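I have placed the structure first, in the form of structure tokens, so that the comments after it can refer back to it.
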Amino acid sequence: MNKIPSFISEVTDDMINAVTSAFQNEKFILGESVFKFEEEFATYTGTKYAIAVNSGSSAIQLSLMSLGLKENADVITSTNSFVASANTIKMANGNPILSDINESDGNMDIDSKKNSADAILPVHIYGNPCDFKKIKEFADERNIPVVEDACQAHGAKFEGKKVGTLGDMGCFSFYPTKNMTVGGDGGMVTTDNEDLAKIVTSLRDNGRNETNRAMHERFGFTMRLNTINAAIGRVELKDLDRKNRRRKAIHDLYKKNIKQDILLSPNPHGESVFHQIVIKHEKRDQIKEHLEKNGISTIIHYPIPIHKQPIYLQQNLSLPNSERFSQQILSLPSYPQLSDDDIILICEKINQII
């Protein structure tokens, strides 16, 4: 039996042609493809501005820095996420306040945090939009900004609006496993605020002045997106909706063929793009082992909640939902190239255990 991997990278002729054209005809740094990619991504999300950077982590860090938060500002984010969600708050000189989750979908439970805060970084985990209505109510009551971690949620919607447009700023990652990639690391910041867009644009390029490149008006970083990566991003963006539709079809086929209702619940007020298709079951480890024995690779996103990572243990937090959740979840293969036959086979093997 052929092995079913957890993920397959795709390289198309259109991607290769875009790379060749950019390589031969454009500047390697901040070439024409970067600015076209920004324009096209802003149009896709429905924001006025999009600023390309070198990773999703950079997108979050620069967004938080652009807000001008005070030193050690308290920023609420979810413990069920990649550790970068919290790390970027530290890199922006803030203090991560880690939130517990709703076990039905793994997203932030803002009701678990009644304390004051200076900003919120909600994560649309697994490509499924979080309950942004509650997030917005929490933020409005305290008059604080919201930066969306949409690094896994390209094209997802909440109440008809695309993520990345719901808060003050949105942050996306183009890491190779995401719903769209740039052929390596890459990221994007979206916003309707011109001032914030200008600050992020400056910060990504060593704090340069917009009109005088010899003048540096703030401390910044080398966090630009390379031209060749942007050229690949433009190709990937054109195919994003088709791939997202395929991911939904894969999710629906899993749901139809797994005997128990063990898939995480998509937000009923939104549209998930199913970056990860995740099951939750007390026999998680047996399921994973059985699938591996049958040549089917799976991943756990994430086996250790952020508050249990060594670098955050000093916070001494108890977040029981996320701790229980992390012991029961398993991400199934979900990439668009996955065949229906492969999905049915995976379901058969899961049913043998549950």
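Structure data summary
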| quantity | calculated |
| --- | --- |
| Residue within the range 248-263 that is assigned by TED's automatic domain parsing to the domain that holds Gly127, more than 18 Å from Glu10 (Cβ to Cβ) and either part of a helix (DSSP H, G or I) or in contact (Cβ under 8 Å) with a residue 24 or more places away in the chain (or both) present | no |
| Close pairs (6 angstrom Cβ cut-off, 6 or more residues apart or separate chains): farther than 22 Å from Thr177 by Cα in the range 329-354, among the aliphatic types (A, V, I, L, M) anywhere | Cys347/Ile258; Lys349/Leu291; Ile350/Ile258; Ile350/Ile287; Ile353/Ile287 |
| Residue satisfying all of: in the range 144-161; among the acidic types (Asp, Glu) and under 11 Å from the mean Cα position of the chain (by Cα); surrounded by the fewest Cβ atoms within 10 Å (Cβ to Cβ) among these | Glu148 |
| Residue identified as more than 20 Å from the chain's Cα centre (by Cα), without any contact (Cβ under 8 Å) to a residue 60 or more places away in the chain and part of a helix (DSSP H, G or I) among Thr43, Thr20 | Thr20 |
| Among (1) among the charged types (D, E, K, R); (2) within 10 Å of the chain's Cα centre (by Cα); (3) assigned to a strand (DSSP E or B), the one test that Lys178 misses | (3) |
| Unique match (being outside the structural domain of Gly155 (by TED's automatic domain parsing) and either surrounded by 13 or more Cβ atoms within 10 Å (Cβ to Cβ) or touching a helix residue (DSSP H, G or I) at 6+ places or on another chain (Cβ under 8 Å) (or both)) among Phe23, Phe7 | Phe7 |
| Residue in the range 230-244 that is modelled with pLDDT of 95 or more and part of a loop (DSSP other than H, G, I, E, B) present | yes |
| Residues of the range 96-111 satisfying the condition of being crowded, with 17+ Cβ neighbours inside 10 Å and not in a loop (DSSP other than H, G, I, E, B) | Pro96, Ile97, Leu98, Ser99, Ile101, Met108, Ile110 |
| Gly68 being assigned to a loop (DSSP other than H, G, I, E, B) and under 14 Å from the mean Cα position of the chain (by Cα) | no |
| Condition broken by Tyr49, with the remaining ones in (1) outside the structural domain of Ile228 (by TED's automatic domain parsing); (2) over 22 Å from His275 (Cβ atoms) satisfied | (1) |
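Matching residues to (1) farther than 19 Å from His251 by Cβ; (2) of a type in the set (Ser, Thr, Tyr); (3) surrounded by 14 or more Cβ atoms within 10 Å (Cβ to Cβ):
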| residue | (1), (2), (3) |
| --- | --- |
| Gln286 | yes, no, no |
| His290 | yes, no, yes |
| Gln309 | yes, no, yes |
| Gln314 | yes, no, no |
| Leu317 | yes, no, yes |
| Leu332 | no, no, yes |
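The values are calculated or read from the model by the stated rules, or taken from the named source; none is laboratory data. Everything numeric in this text was worked out from a predicted model, so none of it was measured. Cβ atoms come from the backbone with ideal geometry, glycine included; neighbour counts cover every protein chain shown.
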